[in-house]
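Encoded as structure tokens, the structure appears first; notes follow it.
The values are calculated or read from the model by the stated rules, or taken from the named source; none is laboratory data. Computed from a predicted model, the values in this text were never measured in an experiment. All Cβ positions, even for glycine, are placed from backbone atoms using ideal geometry, and neighbour counts span all protein chains on display. SASA here: full protein model, heavy atoms, side chains in, ligands and nucleic acids out. Shrake-Rupley method; radii C 1.70, N 1.55, O 1.52, S 1.80 Å.
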Amino acid sequence: MIFADRKQAGQALAQSLTDYAGRADALLLALPRGGVPVAAEVAAALHLPLDILLVRKLGVPGHEEYAMGAIAEGGSCYLDHALIHSLGITDEQVEATRRREEAELQRRGQTYRGVIAAPELLGRTAILVDDGLATGATMLAAISAVRDLGAAVVVVAVPVAAAETGHRLEALVDELICPHLIEPLRGVGLWYEDFSQVSDDVVIRLLSQYRTGVDHDRS
């Protein structure tokens, strides 16, 4: 393992993102839920505003931990068609999974944002943050989403990633920042001592604390 927890991972990631410190055009977009405590540490260290980009993995039926694609707010969708075909997954199964995850996407949007509007990305530098990358499916959907929303520069920043995934995503963004590209990764959680699930309450608290990006109070 490399990191004690997501807080430590975020502190390490912030050291690799100092070029973006205090930039008026830059916005941290965390992928809930695991990316939020990581991004909160970056927000605190670099005085950047924090928000979320809602993304949901589309799990293989019967093996939901394994991604066959992902969806993001705004309608972006990534599907691994080669994997879907090789496993014999039907269009009906894909659609059923998508509908279920879209419902969860809407629930999280209501829970995390309420009446607060999604951030304006047109012409901005969007820094997408997660706690790690395995297959990269959710991040692919996130990249597509922020491009569609008009981000001028797209940066992916994660503490740890599968090397193959990192190199693949690097060609799709303006910058990939990852202190630890590992092969074989086997699983993001293996590189954390504490990789416990992040609660909705923690996400809401951190967003409330860091959404403005100024006057951060660590007490």
* To do: Just one of (1) more than 30 Å from H85 (Cα to Cα); (2) open to solvent by less than 10 Å² (accessible area, probe 1.4 Å) trips up L31, so point out which.
  => (1)
* Asked: Of the conditions (1) within 20 Å of L58 (Cα to Cα); (2) assigned to a loop (DSSP other than H, G, I, E, B); (3) touching a residue at least 24 places away in the same chain (Cβ under 8 Å), T138 fails just one. Which one is it?
  -> (2)
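Listed here are the residues, each with its yes/no results for (1) among the aliphatic types (A, V, I, L, M); (2) over 24 Å from R186 (Cα atoms); (3) surrounded by 14 or more Cβ atoms within 10 Å (Cβ to Cβ).
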{"position": "A21", "(1), (2), (3)": "yes, yes, no"}
{"position": "V42", "(1), (2), (3)": "yes, yes, yes"}
{"position": "L54", "(1), (2), (3)": "yes, yes, yes"}
{"position": "K57", "(1), (2), (3)": "no, no, yes"}
{"position": "Y66", "(1), (2), (3)": "no, no, yes"}
{"position": "G74", "(1), (2), (3)": "no, yes, yes"}
{"position": "L83", "(1), (2), (3)": "yes, no, yes"}
{"position": "R98", "(1), (2), (3)": "no, yes, yes"}
{"position": "R107", "(1), (2), (3)": "no, yes, no"}
* How many residues does the range 87-96 hold that are surrounded by fewer than 11 Cβ atoms within 10 Å (Cβ to Cβ) and part of a helix (DSSP H, G or I)? -> 3
* Boolean, A151 is of a type outside the set (S, T, Y) and under 15 Å from the mean Cα position of the chain (by Cα) -> no
* Determine if the range 111-128 includes at least one residue that is of a type outside the set (A, V, I, L, M, F, W, C), under 16 Å from the mean Cα position of the chain (by Cα) and open to solvent by 50 Å² or more (accessible area, probe 1.4 Å). => no
* To do: Read through the list (1) open to solvent by 20 Å² or more (accessible area, probe 1.4 Å); (2) among the small types (G, A, S); (3) more than 27 Å from L181 (Cβ to Cβ); (4) within 19 Å of the chain's Cα centre (by Cα), then give the number of the only condition that A12 fails.
  => (3)
* To do: Would you list the strands (runs of 3 or more DSSP E) that sit entirely within the range 154-219 and hold 2 or more residues that are at pLDDT 95 or above and open to solvent by 60 Å² or more (accessible area, probe 1.4 Å)?
  => 180-182
* Asked: Which ones in the range 1-43 are part of a helix (DSSP H, G or I) and in contact with a Cys (Cβ under 9 Å, 6 or more places away or on another chain)?
  -> L13
